[in-house]
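A.B. asks: Let me give you the structure first, and then I'll get to my questions.
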Amino acid sequence: MLEIDRDHGARGALRRLGAGAAHGLARLALHGVDWVGARPTVHGRPFVENLGRIWIGDDLTLSSSPVRSHLVTGPRGLLRIGHAVSIGAGAAIAAEERVEIGDGAHLDAFVMLLDSDYHGADDRAAPGAGAPFVIGAHAWIGERVTVLQGTIIGAHARIESGSVVSGVIPDGAVVAGVPARVVRSHHERAATHDLLACVQRIAAEVFALPALPAPTRGPKD
């Protein structure tokens, strides 16, 4: 029994050592960032150009493979990424003013977050207009979504893939399109799910079924 306990202890130590090495490599991949919290995970090597400030909370998951992700700030820019945020491959996040990503937010692959136009519409040499934007806690940003300057995305909002987002998105809203529009809320989706579950339970009781019927089954079954 003593030998088994020692073996388990050794394995645990090796797991901790491996995790520590992985976190150390993640910090190296994020070289140039002002602050990185505990337990970062980075796949691939992101492009980091920090002329301003970048702050990253605990438990970041950042993919930069097979397509490189970019984290960029201008001289006045602040990029603040909260705790437990996940970012997919090919993401492009640029802060000339301020970009804030709330705790638990998920950004899918090829998301673009831009808080500036970078140049004027009539004069490419002139600096473009910029406005800070915020992504709320636990928001979900789908693949190939573009978020434009001045946007505020509420907590638990969901942005469907391919959307272009600007303006204010309410908490819990689901938006889609170019430009993105609210199509429903999480509350509506939850109510629909509750109604479906109720119908399934009634059908199982009436017909003495051994399990809840699948949503696709109907009168013909």
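The values are calculated or read from the model by the stated rules, or taken from the named source; none is laboratory data. Being a predicted model, the structure only gives us computed values, none of them experimental. Here the Cβ positions follow ideal geometry from the backbone for every residue, glycine too, while neighbour counts run over all protein chains shown. To get the accessible areas, we keep the full protein, side chains included, count just its heavy atoms, and leave off ligands, DNA and RNA. Shrake-Rupley method; radii C 1.70, N 1.55, O 1.52, S 1.80 Å.
A.B. asks: Conditions: (1) on the phi > 0 side of the Ramachandran plot; (2) under 17 Å from the mean Cα position of the chain (by Cα). GLY44 meets all but one. Number of the miss?
C.D. replies: (2)
A.B. asks: With the requirement that a residue be part of a strand (DSSP E or B), open to solvent by 40 Å² or more (accessible area, probe 1.4 Å) and out of contact with any Asp or Glu (no Cβ under 8 Å at 6 or more places or on another chain), what does the stretch 45-63 give you?
C.D. replies: Within the stretch 45-63, PHE47, GLU49, THR61 qualify.
A.B. asks: Taking the stretch 72-95 as the region of interest, how many residues are open to solvent by 50 Å² or more (accessible area, probe 1.4 Å) and in a loop (DSSP other than H, G, I, E, B)?
C.D. replies: 4
A.B. asks: Has the stretch 90-107 got any residue that is more than 26 Å from ASP171 (Cα to Cα) and free of Cβ contacts under 8 Å to residues at least 60 places away in the same chain?
C.D. replies: yes
A.B. asks: Just one of the numbered conditions (1) small (Gly, Ala, Ser); (2) at pLDDT 65 or above; (3) open to solvent by 30 Å² or more (accessible area, probe 1.4 Å) is not true of ALA191; which one?
C.D. replies: ALA191 satisfies all of (1) small (Gly, Ala, Ser); (2) at pLDDT 65 or above; (3) open to solvent by 30 Å² or more (accessible area, probe 1.4 Å) except (2).
Residue-by-condition table, conditions (1) without any contact (Cβ under 8 Å) to a residue 24 or more places away in the chain; (2) open to solvent by 30 Å² or more (accessible area, probe 1.4 Å); (3) part of a loop (DSSP other than H, G, I, E, B); (4) of a type in the set (S, T, N, Q):
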site: ALA137; (1), (2), (3), (4): no, yes, yes, no
site: GLU143; (1), (2), (3), (4): no, yes, yes, no
site: GLN149; (1), (2), (3), (4): no, yes, yes, yes
site: HIS156; (1), (2), (3), (4): no, yes, yes, no
site: SER161; (1), (2), (3), (4): no, yes, yes, yes
site: ASP171; (1), (2), (3), (4): no, yes, yes, no
site: VAL175; (1), (2), (3), (4): yes, no, no, no
site: VAL178; (1), (2), (3), (4): yes, yes, yes, no
site: VAL182; (1), (2), (3), (4): yes, yes, no, no
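A.B. asks: While we're here: What number of residues within the stretch 82-96 are under 14 Å from VAL134 (Cα atoms) and not hydrophobic (A, V, I, L, M, F, W, C)?
C.D. replies: Total meeting the criteria: 2.
A.B. asks: Kindly list the number of the only condition in (1) modelled with pLDDT of 95 or more; (2) under 18 Å from VAL111 (Cβ atoms); (3) in a loop (DSSP other than H, G, I, E, B) that fails for PRO66.
C.D. replies: (1)
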